[in-house]
1. Taking Pro131 as meeting all but one of (1) within 22 Å of Tyr233 (Cα to Cα); (2) at pLDDT below 85, write down the number of the exception.
2. Would you mind finding the one in Leu308, Leu343, Leu358 that is modelled with pLDDT of 90 or more and over 22 Å from the mean Cα position of the chain (by Cα)?
3. Condition first: surrounded by 12 or more Cβ atoms within 10 Å (Cβ to Cβ), at pLDDT 95 or above and within 17 Å of Asp302 (Cα to Cα). Can you find one or more residues in the stretch 253-266 that meet it?
4. Of all residues in the stretch 174-207, which are without any contact (Cβ under 8 Å) to a residue 24 or more places away in the chain and exposed (fewer than 12 other Cβ atoms within 10 Å of the Cβ)?
5. Looking only at the stretch 136-149, count how many residues are farther than 21 Å from Phe82 by Cβ, of a type outside the set (A, V, I, L, M, F, W, C) and modelled with pLDDT of 90 or more.
6. Could you pull out the residue among Arg182, Arg155 that is among the basic types (Lys, Arg), over 17 Å from Tyr108 (Cα atoms) and at pLDDT below 80?
7. Kindly list the number of the only condition in (1) modelled with pLDDT under 90; (2) closer than 27 Å to Ile112 by Cβ that fails for Met363.
8. Could you check Gly210 against (1) surrounded by 14 or more Cβ atoms within 10 Å (Cβ to Cβ); (2) at pLDDT below 95; (3) in a strand (DSSP E or B) and say which number it fails?
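The values are calculated or read from the model by the stated rules, or taken from the named source; none is laboratory data. These figures come from a predicted structure and were not determined experimentally. Here the Cβ positions follow ideal geometry from the backbone for every residue, glycine too, while neighbour counts run over all protein chains shown.
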Amino acid sequence: MKIIKITTCISSFSANEVFSNEELLIEIFLHLPVKSLVRCKCVGKKWNYLIASPEFTRLRVPCFNSARGLILHCSSFLINPFNEFVPFTLENPIQSPFHMLNFVDDPYGIRILQSCNGLLLCRSFRVHDQPNGNYYVYNPTTQQFVTLPRLRGYRQTSKAVIGMKLAFDPWKSPHYKVVCIRMSDEVFPDDQHYQVDIYSSETKKWRVVGPPFLARYDIGFAYTGVYWNGAIYWECGDNSLRFNVEREMFEKFPMPSIGRSWDDDKESRVAYYGESCGYLHLVQVYSIKKLTFYNIYEMKNDGMEWYLKYQVNVEDVVNKFPHMIRHYHDSTDWNYYLAMSVLCVVRGEKEEDTFMILHIPKMVIRYNLRDYTFYKLCEFGNNSIQENQFEDEDEDYEDPISLQFNRFSAFQYIESLFCM
């Protein structure tokens, strides 16, 4: 009995010493997986404070956190859209964080607009003719969310807001911002102008930034736009724009030469544009003599120049999965194109681990950009298509080689302990 009492006293004393020693607690927390840390945050205010602090985030992830998988938005006629999840590895794959966004009871359903360093910017789904839609910032790891306050001071119509973008860098600040591009309320005789509003999680308020401005109609404020290195980048050929969130001003930035070269009969287009682990990537796809190539560019840190990082010929993928070939007949002869889309480019912890995620009919493929190896990550059955009834397909006809997803419906899943 004496031995048991002494052991109990020693154990209790040791536990108290651990609980009261912040440096020791942090050292223990640094070795725990994310799911365990989420549970530890519920133990008490002290543990929650330590785990949610920016200092702990920088210690646990000293550089940018790599994505663990892709969340694929399935457009549907359902009120709340369904989401497929594709983990990036076949060994010990991470589980899907959700299939439907139901963290709040939104009568219009919820869809994802953007993924940014672990946070998701979402909005009410079926609000095309409704002025009552909401915008949310959601952390799928901790399942916390914030409903953004409504913009005030201008007409409340669904067409007023053109697009919103999330700007979040946990290694620079514990706060995030949301940049809204909307139609200006001021009347101009020549053309329609836009206005910028910024929401800050620190002040929890919206504020108008700068005067109204002119921009091309095809810039794509609604669905394009990537946050990287303190700015939001919109790709639009020679008229590409970025908004410096810190300086609160628009700037032009260069683009790689993309277009049609009549000398070598090469036709090219932008297949992907996104950020991964602190790097901004642009993928150009072009065909020469019925061969398809991908040029993967990286932006230099100064944001003023692109350089060619990888060049890939996907002929091996085509030979392995020939069902992606789609034939058509033009005015002179039979031709073909590849039913293939680039969903994302992911920088690995080591540069040799960098890979590209490709989508071909019914499949998602991981393609290593250094050794040109590839393998199938997942295959979609008929059930998911029939259940979701994709909007861009006829209800009575299923195209066997149609693509279900593109770069605008793919969102990186990054684990984050950020406290909303």
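1. Tallying (1) within 22 Å of Tyr233 (Cα to Cα); (2) at pLDDT below 85, Pro131 fails exactly one: (1).
2. Among Leu308, Leu343, Leu358, only Leu308 is modelled with pLDDT of 90 or more and over 22 Å from the mean Cα position of the chain (by Cα).
3. Checking the stretch 253-266: not a single residue is surrounded by 12 or more Cβ atoms within 10 Å (Cβ to Cβ), at pLDDT 95 or above and within 17 Å of Asp302 (Cα to Cα).
4. Val187, Pro189, Asp190, Asp191, Thr203, Arg207, listed by residue number.
5. 3
6. None of the other options fit; the residue is Arg155.
7. (1)
8. (1)
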